[in-house]
Amino acid sequence: MSVRDALRSAPMVNDVSGLRMLKVGDGWDLVRTPAETGLLALAYLRAIGAMVGPVLYDGPNGRLYYAVRPGTAGCWDDLPVRHLSSGTWLIAPGLEQIDSWFGGWCELPDDDTLTDADTLRAALQHPYVTAAKETAGSDACS
């Protein structure tokens, strides 16, 4: 089932219209990144023309979630990411909810496209992403 289809059938969170509870690991897993790193990686993926599946921006927690095929993310101990799979739930905005504070879907294809985990890993390790993150980090400390 695609993420878009899962959103249509997902239960609301405490009857709050617009927020849904998505069961992870049923057709797709998630890779959670810090927003700054994830947004740079997303820009890189778009620039190289990579197929990008659903990407959710979680504004309050400063995170991005990439949907990948189940079981393909493996162990990424060398990167600031977390792999979420079976037994995990994600509170996400429905199709109708986009909010500059809460965040929303950066990408939400109409089909079952998922981001390739190896391509995502390469993007997160690309010098464009790591250099920009280091530069931003050093400016924040000045």
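The values are calculated or read from the model by the stated rules, or taken from the named source; none is laboratory data. Bear in mind the structure is a predicted one, so any value in this text is a computation, not a measurement. Protein only, heavy atoms only, side chains kept; ligands, DNA and RNA dropped before computing areas. Shrake-Rupley method; radii C 1.70, N 1.55, O 1.52, S 1.80 Å.
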Apply the Karplus curve 6.51 cos²θ - 1.76 cosθ + 1.60, θ = phi - 60°, to the phi angles in segment 59-67 and return the couplings in whole Hz, x for Gly and Pro.
x, x, 9, x, 9, 10, 10, 9, 8
Could you rank THR130, THR115 by how accessible they are, 1.4 Å probe, largest area first?
THR130, THR115
Roughly speaking, what is the stretch gain from LEU79 to ASP5, that is 0.36 nm per residue apart minus the C-alpha to C-alpha distance, in nm to one decimal?
23.6 nm
Rounded percent of accessible protein surface that carbon and sulfur make up, the chain, 1.4 Å probe:
51 percent
Of [x] 44, 31, 27; [y] 142, 49, 21; [z] 34, 33, 27, which is the value of Cα extents along the principal axes in Å derived from the coordinates here?
[x]
The chain - accessible surface per residue (Å², probe 1.4 Å):
53 Å²
